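Enquirer: Before we start, here is the structure in question, set down as structure tokens.
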Amino acid sequence: MRTNPQSTAAPLETATPARHGRVTASALTSEDPVLRAAYRLCRRTTRVHDPAIHAIIQLAPAVLRPACWALWAAASVLDDLADQPDVEPALRAARVEAWTKALAHDLAVGASTDPVRNALVDTAARWRLDLSSLHGAMATTREDARGLRFTDWAQWRTWCNQGLVPWVEQVRHLFDQAGAPMPLRLDRQADYRRFIDGAQLTDTLTDLSIDLAQGHLLVPREAMESFPGAEADLTRRRWTPAVAALTADLTALARRWLTGPAMTRGMHPGAAIVLDTAAALMRLQLDAVDAAGPTLLARPPRPSAAARLRVLLPARLRTALAWNLTPLTVPAARPAAAVVKASDPGPTADDTALRPPPPHRDGARPPHIAAAKMPDHVAIIMDGNGRWAQQRGLVRQDGHRVGAAAAHEVIHGALEIGLRHLTLYAFSTENWKRDPEEVATILEMIHHELVEGPLRDLDIRKRWSGRPDRLPQDLVDALVREERRTRNRTGLTLTMCIDYSGRDEITRTAAALAQAASDGDVVPFLVGRDDVARHLPHPDMPDVDLLWRTGNEQRTSDFLPWHAAYAELYFTPDFWPDVDRRDLWQAITKYSRRQRRYGAATPTQNTTD
């Protein structure tokens, strides 16, 4: 990560609303002089590392500023450890790892002897932050210490998302907790991703001289191929026409990414001003990059103080008014934190405390399937809940409740057999035609599963696909939280298709491609399958190997048409509530015996035993 742009502590008292948001930052830490000093250090660290970030934090309500300082100071410290000059990469990576493990220990204890970690631990406890989502970002920082090169934009974006997005999401969570929500509309996810890309590219161009001095070249090779000689010239830190043309092209690209459609619709006015001001400051920074010329390779360019003030002064006035009129939630003071002594045990293991799936009630164990014959991705149409209930004289809603238990069983079986991807068709766009009471039951059950269901502590990365605009807002919020909370888990990737239509997914992908062509990111007559796949809602979702439908129906019902183009189809007569994990294992076993040719004359895999 480049930062230059659940704690186990004693439980908090109930948070209280502040009248019109008139709370000073120092009031939050006045009960503990050590903690107050720690937050002051975090503020200084943020200001020194990036004055622009510090200025943006000053636009936040006073109640949130200490927490923002703590988060950004922690990211800055990790960045410094990874970028230490004259230190071997292996030693730098080890220091980042040690700091990360020490944080896990400090979170368990509830305090730290390190002032930055002490402030971060306090922030996590006060605001109920789940810092486990930062594990991936910290691991990315550790790898940064070994030197960075990117082949293409896709690789670069993956690095951006792993290193920067988790920290930004923590700040968004702070705003939500304080009662000034910064919701990101799910129908504008592509715009948000482009904004993050623009912010990271701005930072890359700003810090070009620093990174080159440390052996990093963070511009993807794909971007440099159109400018012959630019890569070699940059590596040698020579300003040439090729480097000048490349720089102009990249600043124009970053400016486009930062000047997309409005993203602040539906946000609290104060939060919207903060985001708009951040974009304006980054555009100023790009102006400075454009004006730097050869000095770009010698030192980071900075916009003039006058230019920054022209952006910041009206933003300060507007945010002050917005926060003054907003009743914000202020966390209560924490009980006295534990004192960490030198004799305390060292860093503990990962604190995520994931558990294995419960065993089958009859002790059944999964069959052994050779790795070469295992499907990577199984997709299931869970059909027959309503008919199962009607056959038993029950209402259709009862079938959905029993069907939820069947879904748990199949997910447990997927974990036990080692399946990597499982996608469940939970609610289609056509399901809105059903009785409103049945629809309400299905959506309430999905919400309950996300908030209180038994899958929360399993090694499952949860995602969802579908349209957000017709779903209840509390369900959308829960889906987003679970995606964020589980994003770094490495076991089963579970995708729930909710208000989903395959044709709609392809239509939206075509619209995204058309926008990309309009922006100059793709050449229309050169668009290929890879370009389409990159603009799907989940570009990293693998093709479906096995598509299974229960309920004695033999159609795919608009389910994952792009991904299931070559899927093996498997239809079974049982209604979904009668299914358990053994049925999944049987489906996978039968898949392993099928011959898959993909149009070839001979099978490519899964030949018959």
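Enquirer: With 10 angstrom as the radius, rank CYS68, CYS42 by how many other C-beta atoms surround their C-beta, starting from the fewest. It would help to have the intermediate numbers written out before the result.
Expert: Working: CYS68 24, CYS42 28.
Placing the least packed residue first, the sequence is CYS68, CYS42.
Enquirer: Oh, and also: So, in Å, what gap is there between the alpha-carbon centers of region 42-116 and region 519-582?
Expert: What the calculation gives is 42 Å, centre to centre.
Enquirer: Skipping prolines and chain starts, which residues have an amide H placed within reach, meaning under 5 Å, of the one on THR329, given they are 5 or more residues away or on another chain?
Expert: It is ALA18, GLY179, by chain and number.
Enquirer: In nanometres, what is the gap between the two model label sites at VAL48 and VAL451, each 7 Å from Cα along Cα-to-Cβ?
Expert: 4.5 nm
Enquirer: Let me ask another. Applying 1/(1 + (r/R0)^6) with R0 = 30 Å to the Cβ-Cβ distance of ALA154 and ARG503, what FRET efficiency is obtained, to the nearest 0.05?
Expert: Efficiency computed from Cβ-Cβ geometry: 0.70.
Enquirer: Rounded, prolate or oblate for region 16-330? Axes are the square roots of the Cα gyration tensor eigenvalues, ordered a ≥ b ≥ c, and the cut-off for rounded is a/c under 1.5.
Expert: On the way: a/c = 1.92, a/b = 1.34, b/c = 1.43.
It is oblate, given that a/c is not under 1.5 and a/b is not larger than b/c.
Enquirer: Still on this structure, I have one more. Considering amide H positions built from the backbone, and no H for Pro or chain starts, which residues 5 or more places from ARG149, or on another chain, come under 5 Å of its amide H?
Expert: Long-range HN contacts for ARG149: none found.
Enquirer: With a ≥ b ≥ c the root eigenvalues of the C-alpha gyration tensor of region 206-321, is it rounded (a/c under 1.5), prolate (a/b larger than b/c) or oblate?
Expert: In terms of gyration-tensor shape, prolate.
Enquirer: Less than 18 Å apart at the alpha-carbon level, and either on another chain or at least 8 residues along: which aspartates and glutamates does that give for LYS373?
Expert: GLU416, ASP543, ASP545, GLU568, ASP583, ASP609
Enquirer: I would also like to ask the following. Stretched out fully, how many nm does the piece from ASP376 to LYS590 gain, at 0.36 nm a residue minus the Cα gap?
Expert: Values: separation 214, 0.36 × 214 = 77.04 nm, distance 1.44 nm.
Using 0.36 nm per residue and subtracting the Cα-Cα distance, I get 75.6 nm.
Enquirer: Can you give the extra length, in nm with one decimal, that the chain gains between ARG361 and GLU222 once fully stretched, where that is 0.36 nm per residue apart less the Cα-Cα distance? Kindly include the intermediate steps, with their values, before the conclusion.
Expert: Numbers: separation 139, 0.36 × 139 = 50.04 nm, distance 5.33 nm.
That pair, ARG361 and GLU222, stretches by 44.7 nm at full extension.
Enquirer: When a footprinting reagent is the concern and you count Cβ atoms within 10 Å, what order do TRP159, TRP576 take, fewest first?
Expert: On the way: TRP159 19, TRP576 27.
Result, fewest neighbours first: TRP159, TRP576.
Enquirer: Turning to a different aspect of this structure: At what distance in nm do the modelled label points of TRP562 and TYR192 sit from each other, each positioned 7 Å from its Cα along Cα→Cβ?
Expert: Going from the TRP562 label point to the TYR192 one covers 1.9 nm.
Enquirer: What spacing in nm lies between the two simple spin-label points modelled at ALA320 and ALA533, each 7 Å away from Cα in the Cβ direction?
Expert: Distance between label points: 5.4 nm.
Enquirer: Using a cut-off of 14 Å between beta-carbons, work out the net charge of the residues near ALA307 (Lys and Arg +1, Asp and Glu -1, ALA307 not included). It would help to have the intermediate numbers written out before the result.
Expert: Values: positive: ARG283, ARG302, ARG308, ARG310; negative: ASP287, ASP290.
Around ALA307, the charge tally is +2.
Enquirer: Tell me, LYS433, LYS462, LYS373 in order of fewest to most beta-carbon neighbours within 10 Å? Walk me through the numbers before you get to the answer.
Expert: Values: LYS433 8, LYS462 23, LYS373 17.
Lowest count first: LYS433, LYS373, LYS462.
Enquirer: Computed FRET efficiency, Cβ-Cβ of ARG302 and THR259, R0 22 Å: what is it to the nearest 0.05?
Expert: Working: r = 21 Å, r/R0 = 0.95.
Computed FRET efficiency for ARG302 and THR259: 0.55.
Enquirer: Evaluate E = 1/(1 + (r/R0)^6) for ALA245 and ASP80, where r is the Cβ-Cβ distance and R0 equals 30 Å; express this FRET efficiency to the nearest 0.05.
Expert: Working: r = 33 Å, r/R0 = 1.10.
It comes out at approximately 0.35.
Computed from the coordinates by the stated procedures, all read-outs in this text should not be read as laboratory data. Model, not experiment: these values are computed from the prediction. All Cβ positions, even for glycine, are placed from backbone atoms using ideal geometry, and neighbour counts span all protein chains on display.
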